[in-house]
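Chemist: Let me give you the structure first, and then I'll get to my questions.
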Amino acid sequence: MSFVRNAWYVAGWSTDFGDDLVPLTLLAQNIVVFRCSDGQLAALEDRCPHRLLPLSKGKRIGDTIQCGYHGMTFDAGGQCVRVPGQSNLPTSAYVDSFPVLERHGIVFIWMGDAEKADTALAFDMPELSEDGWHLHHGDKLHIKANYLNVAENLVDPAHVSFVHPTTLGNAASENVPVHVKTADEAIVAWRWIRDAEPIGFFKQFGGFDGNVDRWHYYYLHLPSTAVIDFRSADAALELPEEERNKGVRIFALHFVTPVTEDYTIDHWMHLRNTALGDDAASEQMDAMFRVAFAEDKSILEAIHEEEQRPQKRKPIRIAIDKGPNVYRKRIRDRIEAEATDDLGEPVSPVFVQHD
């Protein structure tokens, strides 16, 4: 399986989880999530160790789950606390538990080694906590495609002119150079389109009549979180790149969660510095985003279907693939690093390398 496991993945929004048992699949692992009486979320392996019935098919009793087959009961940490008909509890009677982090109304689950679950590694950005920004949780886009294709699509400005000609792009950007930076933690791709017709999104939301300068900055954080910083400004202002924080600004956030090798959920939301507290504006933007993201879904699912067929020759790579290529390599390196344990430098080595 080509998954980075030691990472925080988004399981959903806080509003998705309450008293009920919620079954989920992340990284091909079935889990069950519920909110305890103290408000904290618990995430457990969704499989009783007795006859392997999913615990989500049982019932909740207080802050425990009772298996629906023979009544074995597990607490929020995964330990068996009751086996009906016997007083002793086998040491193997447990299910795995997964660290959970809830922040900004977003629920993250750590799918790897629990002792490595550092909350500082979970995605965050200053605007999520600052005044003057409106946070709006959007939808969950279900895509029948591998998550790597979904994630790299979100660091690829070049596709926008062709996949989103009436929503997020138009023909004016087809030959505008794409800039890529891969030296930092996040892979960044961007481009500016000067003195051009506004895209459909900003025609409707921004109210522009004349030509604009517009830009898209794509940030891809490993393993699969993307932030797209975009806006438009009246072309007459001739804003330099370092002043793109002026005026209306929107961040589209995509938390790409691998379900299986062939199925991905893109949890998307947005931040904006305008129309604060305006639910109607949020609904209007959601409607436009849904149209655009459905265009991505159609393309990505068609690509995935073709990838499953026999290939006569290797796919080609072109100049605009710099960001995706670096992303794929970093994912491979992370997966390889997780596949072994590094014991560090030996104290008394019996093997000496001279080259």
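The values are calculated or read from the model by the stated rules, or taken from the named source; none is laboratory data. What you are looking at is a predicted structure, and each value in this text was computed from that prediction instead of being measured. Cβ atoms come from the backbone with ideal geometry, glycine included; neighbour counts cover every protein chain shown.
Chemist: Quick one: in the range 263-291, of everything that is aliphatic (A, V, I, L, M) and surrounded by fewer than 20 Cβ atoms within 10 Å (Cβ to Cβ), which residue is farthest from Val227 (Cα to Cα)? Explain how you work it out, then say what you get.
Modeler: Filtering the range 263-291 for residues aliphatic (A, V, I, L, M) gives 265, 269, 271, 275-276, 280-281, 285, 287-288, 291.
Next, only the ones that are surrounded by fewer than 20 Cβ atoms within 10 Å (Cβ to Cβ) stay: 275-276, 280-281, 287-288, 291.
On the way: Ala275: 20, Leu276: 20, Ala280: 23, Ala281: 20, Ala287: 19, Met288: 17, Val291: 18 Å.
Filtering the range 263-291 for residues that are aliphatic (A, V, I, L, M) and surrounded by fewer than 20 Cβ atoms within 10 Å (Cβ to Cβ), the one farthest from Val227 (Cα to Cα) comes out as Ala280.
Chemist: In this structure, does Gly344 turn out to be surrounded by fewer than 12 Cβ atoms within 10 Å (Cβ to Cβ), touching a residue at least 60 places away in the same chain (Cβ under 8 Å), not in a helix (DSSP H, G or I) and not acidic (Asp, Glu)? Step through it out loud before you land on a result.
Modeler: Numbers: surrounded by fewer than 12 Cβ atoms within 10 Å (Cβ to Cβ): yes; touching a residue at least 60 places away in the same chain (Cβ under 8 Å): no; not in a helix (DSSP H, G or I): yes; not acidic (Asp, Glu): yes.
In short, no.
Chemist: If I ask for residues that are outside any loop (DSSP other than H, G, I, E, B) and touching a Phe, Trp or Tyr at 6+ places or on another chain (Cβ under 6 Å), which ones from the range 122-132 would you list? Step through it out loud before you land on a result.
Modeler: Keep residues of the range 122-132 that are outside any loop (DSSP other than H, G, I, E, B), which gives 126-128.
Glu127 - this is the single residue of the range 122-132 that is outside any loop (DSSP other than H, G, I, E, B) and touching a Phe, Trp or Tyr at 6+ places or on another chain (Cβ under 6 Å).
Chemist: Go through (1) at pLDDT 90 or above; (2) assigned to a loop (DSSP other than H, G, I, E, B) and name the single condition Leu300 misses.
Modeler: (2)
Chemist: In the range 115-134, is there at least one residue being surrounded by 14 or more Cβ atoms within 10 Å (Cβ to Cβ), touching a helix residue (DSSP H, G or I) at 6+ places or on another chain (Cβ under 8 Å) and on the phi > 0 side of the Ramachandran plot?
Modeler: Checking the range 115-134: not a single residue is surrounded by 14 or more Cβ atoms within 10 Å (Cβ to Cβ), touching a helix residue (DSSP H, G or I) at 6+ places or on another chain (Cβ under 8 Å) and on the phi > 0 side of the Ramachandran plot.
Chemist: Of these, Arg317, Arg313, which one is surrounded by 10 or more Cβ atoms within 10 Å (Cβ to Cβ), among the charged types (D, E, K, R), assigned to a loop (DSSP other than H, G, I, E, B) and over 21 Å from the mean Cα position of the chain (by Cα)?
Modeler: On the way: Arg313 fails: surrounded by 10 or more Cβ atoms within 10 Å (Cβ to Cβ).
From the options Arg317, Arg313, the qualifying one is Arg317.
Chemist: For the range 1-34, give me each residue that is crowded, with 21+ Cβ neighbours inside 10 Å and farther than 25 Å from Asp262 by Cβ.
Modeler: Listed by number, the residues that qualify are Phe17, Phe34.
Chemist: Ok, one more. What pairs can you find where one residue is in the range 323-334 and in contact (Cβ under 8 Å) with a residue 40 or more places away in the chain, the other is in a helix (DSSP H, G or I) and surrounded by 14 or more Cβ atoms within 10 Å (Cβ to Cβ), and their Cβ atoms are less than 8 Å apart, with a gap of 6+ or different chains?
Modeler: Final answer for the pair search is Gly323/Glu152; Pro324/Glu152; Tyr327/Leu148; Tyr327/Ala151; Tyr327/Glu152; Arg328/Leu148; Arg328/Glu152; Ile331/Leu148.
Chemist: Just give me the residues in the range 76-95 being assigned to a strand (DSSP E or B), under 38 Å from the mean Cα position of the chain (by Cα) and of a type outside the set (S, T, N, Q), in sequence order. Outline the logic, then answer.
Modeler: Residues of the range 76-95 assigned to a strand (DSSP E or B): 79-83, 86, 94.
Among the residues that remain, those that are also under 38 Å from the mean Cα position of the chain (by Cα) are: 79-82, 94.
Listed by number, the residues that qualify are Cys80, Val81, Arg82, Tyr94.
Chemist: Inspect the range 317-329 for any residue being assigned by TED's automatic domain parsing to the domain that holds His136, aliphatic (A, V, I, L, M) and at pLDDT 90 or above and give the result as yes or no.
Modeler: Among the residues of the range 317-329, at least one is assigned by TED's automatic domain parsing to the domain that holds His136, aliphatic (A, V, I, L, M) and at pLDDT 90 or above, which makes the answer yes.
Chemist: State whether the residues of the range 104-116 include one that is within 23 Å of the chain's Cα centre (by Cα), farther than 20 Å from Asp46 by Cβ, part of a loop (DSSP other than H, G, I, E, B) and at pLDDT 95 or above.
Modeler: So in the range 104-116, the residues within 23 Å of the chain's Cα centre (by Cα) come out as 104-116.
So of that shortlist, the ones also farther than 20 Å from Asp46 by Cβ come out as 104-106, 115-116.
The next check asks that each one be part of a loop (DSSP other than H, G, I, E, B); those that pass are 104-105.
With at pLDDT 95 or above added as a condition, the list becomes 104-105.
Checked against the condition, which is being within 23 Å of the chain's Cα centre (by Cα), farther than 20 Å from Asp46 by Cβ, part of a loop (DSSP other than H, G, I, E, B) and at pLDDT 95 or above, the range 104-116 yields at least one hit.
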